[in-house]
1. In the range 7-41, which residues are surrounded by fewer than 12 Cβ atoms within 10 Å (Cβ to Cβ) and either assigned to a helix (DSSP H, G or I) or touching a residue at least 60 places away in the same chain (Cβ under 8 Å) (or both)?
2. Got at least one residue in the range 134-142 being under 19 Å from residue 70 (Cα atoms), part of a loop (DSSP other than H, G, I, E, B) and touching a strand residue (DSSP E or B) at 6+ places or on another chain (Cβ under 7 Å)?
3. Please go through (1) free of Cβ contacts under 8 Å to residues at least 40 places away in the same chain; (2) surrounded by 13 or more Cβ atoms within 10 Å (Cβ to Cβ); (3) not in a loop (DSSP other than H, G, I, E, B) for residue 200 and return the number of the only condition it doesn't satisfy.
4. Test each condition in (1) part of a strand (DSSP E or B); (2) loosely packed, with under 15 Cβ neighbours inside 10 Å for residue 167 and report the one that comes out false.
5. Within the range 150-166, does at least one residue satisfy the condition of being in contact with a strand residue (DSSP E or B) (Cβ under 7 Å, 6 or more places away or on another chain) and touching a residue at least 60 places away in the same chain (Cβ under 8 Å)?
6. I'm checking my understanding of the structure. Among residues of the range 82-108 that are buried (at least 19 other Cβ atoms within 10 Å of the Cβ) and either outside any strand (DSSP E or B) or without any contact (Cβ under 8 Å) to a residue 12 or more places away in the chain (or both), which one is nearest to the chain's Cα centre (by Cα)?
7. Can you pull out the residues in the range 180-194 that are surrounded by 12 or more Cβ atoms within 10 Å (Cβ to Cβ), touching a residue at least 24 places away in the same chain (Cβ under 8 Å) and either more than 17 Å from residue 114 (Cα to Cα) or within 15 Å of the chain's Cα centre (by Cα) (or both)?
């Protein structure tokens, strides 16, 4: 197990311990369904699913959902949550290096507060290439990540969280440019993501469609 996996397993030592874990589903994700931007039934992959609340929500809305996370503990709690909610979402332990081994194709892939954990530019580019290959023709991708247009935790590109996790803070423009090789941008904006106990953090929201 690498160092980051160990850190995240420590953070997920008990349910709801992670400062980013909320049972309430972000309104931006709910709006994608309400506005029929993603339409069931379709296949969805969530990367960095944590305790699974978003994937469970989507599965209950009629989507076929696979969700992955590097943390063994996070996936354990996600599976428990799925059972209690009678959800069909599938939860699997996989880290970044194993994503390209996934054999399925998806209509929609999203990562919520995950892309900023990929700190090397070469790995960020490789990750998006893999995402594009996992998507079906005209499939959609959503990324929400901390924005370098804020001074949260500092002003440099690479910043270290209180938990000792290295995070890459890309500006919204940089993120747009990163996606453009493989995707057509549908929506690009800043949104607010929340963190316990009472933080409101600026994040880059990018919704894109695979180039054909």
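Any read-out appearing in this document is the output of simple, stated calculations on the displayed coordinates, not a laboratory observation. Source: prediction; values computed, not measured. Ideal geometry is used to build each Cβ from the backbone, glycine not excepted, and the neighbour counts take in all protein chains shown.
1. If we filter the range 7-41 for residues that are surrounded by fewer than 12 Cβ atoms within 10 Å (Cβ to Cβ), which is where we start, we get 13-14, 23-24, 27, 31, 34-36, 41.
Within the range 7-41, 13, 27, 31, 34 qualify.
2. no
3. Among (1) free of Cβ contacts under 8 Å to residues at least 40 places away in the same chain; (2) surrounded by 13 or more Cβ atoms within 10 Å (Cβ to Cβ); (3) not in a loop (DSSP other than H, G, I, E, B), residue 200 violates only (2).
4. So residue 167 meets the others, but not (2).
5. Restricting attention to the range 150-166, the residues satisfying the condition of being in contact with a strand residue (DSSP E or B) (Cβ under 7 Å, 6 or more places away or on another chain) are 150, 152-153, 157-161, 166.
The next check asks that each one be touching a residue at least 60 places away in the same chain (Cβ under 8 Å); those that pass are none.
Checking the range 150-166: not a single residue is in contact with a strand residue (DSSP E or B) (Cβ under 7 Å, 6 or more places away or on another chain) and touching a residue at least 60 places away in the same chain (Cβ under 8 Å).
6. We begin by selecting, within the range 82-108, every residue buried (at least 19 other Cβ atoms within 10 Å of the Cβ); these are 82, 87, 89, 91, 96, 106-108.
Remaining after also requiring either outside any strand (DSSP E or B) or without any contact (Cβ under 8 Å) to a residue 12 or more places away in the chain (or both): 82, 87, 89, 96.
Numbers: 82: 18, 87: 19, 89: 16, 96: 12 Å.
Here the residue is 96.
7. In the first step, residues of the range 180-194 are kept if they are surrounded by 12 or more Cβ atoms within 10 Å (Cβ to Cβ); the result is 180, 182-188, 190-194.
Okay, now just the ones that are also touching a residue at least 24 places away in the same chain (Cβ under 8 Å), so 182-184, 186, 190-191, 193-194.
Scanning the range 180-194 gives 182, 183, 184, 186, 191, 193, 194.
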